[in-house]
1. 222 nm [θ] for the chain, helices only, -39500 (n - 2.57) per DSSP H run of 4+, per residue, to 500?
2. What does the C-alpha gyration tensor say about the overall shape of the range 102-146? Classify as rounded when a/c is under 1.5, otherwise prolate if a/b is larger than b/c, or oblate.
3. What residue among Asn242, Ile266, Val172 has its Cα farthest toward the positive end of the dipole of the chain, where the charges are +1 on Lys, Arg and -1 on Asp, Glu, each on the Cβ?
4. Taking the chain as the reference, fit the longest principal axis to its C-alpha atoms, fit the long axis of helix 2-26 to the helix C-alpha atoms, and give the angle between the two in degrees, 0 to 90, nearest 10.
5. Specify which labelled value, from (1) 72, 49, 36; (2) 103, 48, 33; (3) 77, 43, 36, agrees with Cα extents along the principal axes in Å derived from the coordinates of the model shown.
6. Mind checking the per residue accessible area of the chain for me, 1.4 Å probe, whole number of Å²?
7. Which one, Ile214, Asn110, Asn187, is farthest towards the positive end of the dipole of the chain when Lys and Arg carry +1 and Asp and Glu -1 on their Cβ?
8. Highest first, please rank the peptides 176-186, 125-135 by the mean number of other Cβ atoms sitting within 10 Å of their residues.
Amino acid sequence: MKKIFLSVAVCSIALGFSSCSETWDDNPVLKTHEGVKTANFLNYPAMQDQTIMLTSDNEEGTFHLTCSQPDFGYAALAAYRVQCSLTEDFQKYEEISQDFYNCAQINPLNKDVAAALEYLSNVKTEEDLPLPYQKLYMRLRAFIPQSEENTQYVSNVVSFAGVSADYLAIWVADTPVKIYLRGGMNNWGNDGLDGTDWQFKTGAEKDTWETPVITIPAGTEFKVADADWSSINLGAGDPEINPGEAYNLAASDAGNIKMAVDFTGIAYLKFEKGNYVLTLDPK
């Protein structure tokens, strides 16, 4: 009989410990701190001894990094960002804006690494390219998105022996691009497009473009398109457009845009949230 009571007592104690353990698991405590802490959690990359040329043909490829998680107090859903520098001390660096959440799949795009490399190398135009092969250093910044300010860690530093870029990956303002206004005001572009008022140039902000001062008479129909009416061929669901109003442009099967009133000014084009937006700004 005593043995039975003893067994019951042991089971009760065991269940008590189990209950405490479950309580700890169900109520994790996030470790916070002031400033940015340094921790050794980035693994050395497999391609660290190779030379890598970044080109427009491989810009959708990736660098592959892996890491462990710094001590947040529990296995938290953390975000990781890649930082690049030309010096091991990271006195000057560029942080790639993409967030990664899987420690085994931290894969910054080649085009983002190329842009960081060019910013660090003070590239301004295509005449500054190609860059020489140079050692590129990387580290990670880890944080909990809901408490970014007081959960930040930076990792140890790893490096790639030689990285170069041979195309312009950065955003450079006032650069002509192969996007045009094509319509009745210029014989639908058949009178020539490059170097004309109807050709867009890059704006001051990324993913923006603008024309010089143009004039479009009322009733004129037009579209935003490239030279071949191929990858960019944009019209409007509501075809009549007024100056000063932003219009979401539609794909090639949409109708032509019609100018509601006489217009003189600058055409602004912006790509945001997967859509092209056109605004005619009167001057």
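1. That calculation yields -4500 deg cm²/dmol at 222 nm.
2. prolate
3. Projecting each Cα onto the dipole axis, the largest value belongs to Val172.
4. So the inclination is approximately 20 degrees.
5. Given (1) 72, 49, 36; (2) 103, 48, 33; (3) 77, 43, 36, the calculated one carries the label (2).
6. Result: 55 Å² per residue.
7. It is Asn110, whose Cα lies furthest towards the positive end.
8. 176-186, 125-135
The values are calculated or read from the model by the stated rules, or taken from the named source; none is laboratory data. Computed from a predicted structure; not experimentally measured. In this analysis, Cβ positions are derived from the backbone assuming ideal geometry, glycine residues included, and neighbour counts consider all displayed protein chains. Protein only, heavy atoms only, side chains kept; ligands, DNA and RNA dropped before computing areas. Shrake-Rupley method; radii C 1.70, N 1.55, O 1.52, S 1.80 Å.
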